Structures are given as C-alpha cells and as structure tokens.
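Heads up, the thing below is written out as structure tokens.
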Amino acid sequence: MLIDDDVEVREKIATFLEYRGYEVLQARNLFEAFSVLEKTSADLVVIRTVSSEFEEAEMVKKIKQKGPLVMMMLSKSPNNEILEKAAQAGVDDFLVGPIDLRFLEIRIERALEVRYFFDCKRIFFEGLMEKISANERTINELLGEISRLSFEAMEILSHISELKDYETHEHTTRVGIISARIAESMDLDPVFVTQIRLAAPLHDIGKILIPNQILTKPGKLTEEEWELVKKHPEIGWEILSKSSSDVLKLAASIALTHHERWNGSGYPRGLVGKEIPIEGRIVAVADSFDAMVSKRPYKGMKSLQEAFLEIRRFSGELYDPEVVKAFSMVSENILKLYEEAKENDERGNRKNCFRDKENV
C-alpha cells in the first residue's frame, strides 16, 4: 500500500515497484488507505504524506491492527519530532532523504522479511499453545524454539542497520564475533559472552535515521553533517532501551557507548575510563579495528597488521588497556578469521567464516 498525496510521485514509485513485480495499492492519505484495507490486505504500507504535526498517529495504530504488516515512512528531512511520534504510533522503518528507487526496493525487501518474521512469530505462538495443551513436547524443546526465534529476530534487526551502507554489509557480524572473542579472553561470564555476540551487531542501528547521502559521502563531512552523525548513538539507545530483553538492553548500552573513549574524547557524553561500561569498551576496540581494515567511501583501508599496531598504540589513550590486552591475546585467532574470509571471497565461495555458526 503506497500512501502519497503527490499523485505524480506516487505514480512514479508505483510504476517502478509494479515493474519489479510487486502488487501496489494506492491511496492519497491514511484515511483513504484504511478504507481500502477494510476490503483487502497488504503486507507493507509505505507512507510519504504526513502533516507537520503528524496528526495521523491514531490512524497508523488502526491500520497496524489490520494484521501482521510492516509500516515504512519516507521523509524528505530528518525531523526527529515527527519520526519519534511516527515510531511511537507503530511505524517500523524510516527512509530519510531524496528517494532512490533502487535503495527503496532494497529496504522494501528487508521490510517484507521483517513482516514474514512477525507472521511466523504469530503462527509459531498459535502452534505453541496447541503443543502445550496437547503435551506433545517437553518444556526444554519449546524453550529451544523460542530461543531460535529470538536469534532470528536479532539477525533481522542487524540486517536492517547494515542496509544503510553497502560497504559495511559484513561489518556488524564481524564486530559481534570479535567482541565475543575479546570478552571470552577476559574470562567474563559465558552468558555475557553469548549476549555480547548477539548484541554488538546492533551497535550502529541508530544510523537508520541518518540520511544515507551523509553516511556514504566520499568527502569530508561539514560540521552540521558531523553533528548529525554523532546523534546515532542516542538514537540507537532510544530504539533499543525500552525492551525487556537482556540482550537488547545490552545492545542499547553498546549503541550509546561504543564511541566513548578511555581518555574522555569520545561522544556522546564524553565518559572517562571505567565510567564507560565494559560492553562499550569492548565494542569500541572491535568496531575501530574492523573499520580500519574495511574500505569505506570516505577513507582507505589499513592492513590487518597496521590495524593491530594502531589499536595497541592507542591503548590507555583511546581504548581500555585491559580490553586491548585481551584483544592482543586473541589477535592470531582474529587474523586467521579475516584471512579465511578473504580466501573464500577470492574463490567465490559463499561460505564465510564470519557467518559460520561454529564461530558464534
């Protein structure tokens, strides 16, 4: 369902999506869309028309009650007040900035995967209640199914954040695995090791509200653009912190603190030393290391050895010395993972050691 009061733009988007194989319903506003959805159904609702005060919040909630569907908002500018109201009303995803039809299609594909997840979740719990009443399975088996479902939900959230930058598609997964290796090397609780493996890939989820043309800008950012990018830790915190899940609470802390630095030079709060929670200190090292060895539109890439040396050079200045020590202890293991991944890429082998479940 495509909602836009600009007929020309709406027709342009609808024509493109129909050409790509989608069935597209159209409406001028949320009220008209609700009327259409009384007679038919949609998997995804894309909104491109809202008032400056977003007075349609109640109508968004009514449309969400129509069934397992995902709502996406297209916004010309990052008006945080409108985006926050829309999120509270039930909008699931946002695309900020000028419309790029190809990128819109990619986000729609991912949004439909999320819709499929919620549909599967509904079917799962309906079946789960039947299984409990019929006493067909043990409690441990049912808890295992819930655990697998939760892991898939985490993977979907991670993929959503990855889509903001084509060059960092594998970055979030690598940060999760490296963070877990560091935590394990520090002899932290095994439960925490597993949780940080799942939570760390969400460190940059706040970037979904940062315009893509800023994130992928090849040149130096303006002061205004840089200040906007620096908001993503707090945005990530807002997205994740209200969850009752221990993993998502940890992910919220990571999102907020992974750009803090040991000497207080980081952001957003300028925390110093152990004011930064251990999960933030660990992911700061994992994220910085992988960013150094990854190609980005705005910078070159370092060799693995150069990146290892730089992390050690800034130990006690930017990074927690204890975390850097643990990172150094597993450096050979991490180096092996990157080399295996590179070999697989060169061979065209789809198997990637960073995606191998044995490394979770």
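Summary of values
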| quantity | calculated |
| --- | --- |
| Rounded FRET efficiency, nearest 0.05, which uses the C-beta distance separating Glu32 from Glu317 and R0 of 51 Å | 0.30 |
| Across Lys61/Lys242; Lys249/Lys336; Lys85/Lys295; Lys242/Lys302; Lys207/Lys295, pairs whose alpha-carbon gap is larger than 28 Å | Lys249/Lys336; Lys85/Lys295; Lys242/Lys302 |
| Label point distance in nm, Lys220-Glu234, each placed 7 Å from Cα along Cα→Cβ | 2.5 nm |
| Gain on full stretching of the segment that runs from Ile99 to Asp246 - 0.36 nm per residue minus C-alpha separation | 49.3 nm |
| From phi via Karplus (6.51, -1.76, 1.60), per-residue ³J(HN,Hα) for the stretch 189-203 in Hz, x at Gly/Pro | 3, x, 5, 5, 4, 5, 5, 6, 4, 7, 7, 4, x, 8, 4 |
| Total formal charge among the other residues, if their Cβ is under 14 angstrom from that of Ser185, Lys/Arg +1 and Asp/Glu -1 | -2 |
| Computed E for Ser41/Asn263 - FRET, C-beta separation, R0 51 angstrom, nearest 0.05 | 0.40 |
| HN-Hα J in Hz across the stretch 244-258 - Karplus 6.51, -1.76, 1.60, θ = phi - 60°, x for Gly and Pro | 8, 6, 4, 5, 6, 5, 5, 4, 5, 4, 5, 4, 6, 10, 6 |
| Carbon + sulfur, % of accessible area of the stretch 219-297 - ligands and nucleic acids excluded, 1.4 Å | 52 percent |
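The values are calculated or read from the model by the stated rules, or taken from the named source; none is laboratory data. These numbers come from a predicted model, not from an experiment. Note: ideal-geometry Cβ built from the backbone for every residue, glycine included; neighbour counts use all protein chains shown. Remember, those area values only see protein heavy atoms, side chains included, never the ligands or the DNA or RNA. Shrake-Rupley method; radii C 1.70, N 1.55, O 1.52, S 1.80 Å.
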